[in-house]
Amino acid sequence: MLLFAFAVPIFADTSDTVVVTATPAFISISVTPATYDIGGSGATLLPNTTYYANPGNETTAPSATVQASECAFTIDNTSTVDIDITVNFPHFTGGDAMQNSGGGYTVNGVSDFGVSGYVTGDTWTDDAFTFANSGSGVFIDALSAASIKFGWALLTQSDDWDSGTAMTSTVSIAAALDV
């Protein structure tokens with residue numbers, strides 16, 4: 001008897017692939033409106049007066065629980081992550097430029113204004129958040145991919161101005177990864 005054996009090669013997968021997806025932590029916001037005239041276009045400010053970024057009435061404080069309708073601004077978070085929002089309200093320039101006192105909406109003085117922010121759903125005045133000239137803390141913590149409305153209360157300087165020349169401030173609204 002004769003026996004023949006054939007060697008049959010065995011084929012096996014010796015490699016494979018893995019598809020890797022990486023979604024970056026993308027941070028993006030937009031704020032509307034991009035310009036704002038305290039008191040309305042062409043309005044003049046009075047000294048030692050609080051103005052609110054309240055579209056219904058800029059001399060009326062928001063409700064005890066802040067309503068969206070009492071907030072002039074909208075932040076749209078189009079990020080892929082939760083973010084923290086900081087707001088710096090620099091000194092005004094031009095005219096009789098008011099300086100930010102850094103003490104919030106209840107602290108003004110000669111040539112100094114105070115300003116604090118509020119957000120829809122906040123308790124006014126308990127949650128009033130001081131906006132500094134620079135170095136403000138986190139105003140809105142862990143904002144998800146959504147929109148939120150906010151405003152501010154600004155107490156003008158205690159003394160009279162020397163001219164009627166308009167002044168401006170460029171408010172900085174920044175987003176950072178919530179950690």
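Numerical summary
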quantity: Criterion violated by G109 - all others in (1) closer than 22 Å to Y36 by Cα; (2) at pLDDT 95 or above satisfied; calculated: (1)
quantity: Check on L177, closer than 19 Å to E70 by Cβ and at pLDDT 95 or above; calculated: no
quantity: Count of residues meeting criterion [of a type outside the set (A, V, I, L, M, F, W, C) and touching a Ser or Thr at 6+ places or on another chain (Cβ under 7 Å)] in the stretch 31-51; calculated: 5
quantity: Looking only at the stretch 46-87, and only at residues there that are more than 23 Å from A146 (Cα to Cα) and in contact with a strand residue (DSSP E or B) (Cβ under 7 Å, 6 or more places away or on another chain), the one that is surrounded by the most Cβ atoms within 10 Å (Cβ to Cβ); calculated: Y52
quantity: Residue list for the stretch 40-85, restricted to those being charged (D, E, K, R) and over 19 Å from F129 (Cα atoms); calculated: D76, D82
quantity: Qualifying positions in the stretch 114-131 - of a type outside the set (V, I, T) and touching a strand residue (DSSP E or B) at 6+ places or on another chain (Cβ under 6 Å); calculated: G114, S116, G117, Y118, W124, A128, F129, F131
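The values are calculated or read from the model by the stated rules, or taken from the named source; none is laboratory data. Because the structure is predicted, anything quoted here is derived from the model rather than measured. Every residue, glycine among them, receives a Cβ derived from its backbone with ideal geometry; neighbour counts consider all protein chains shown.
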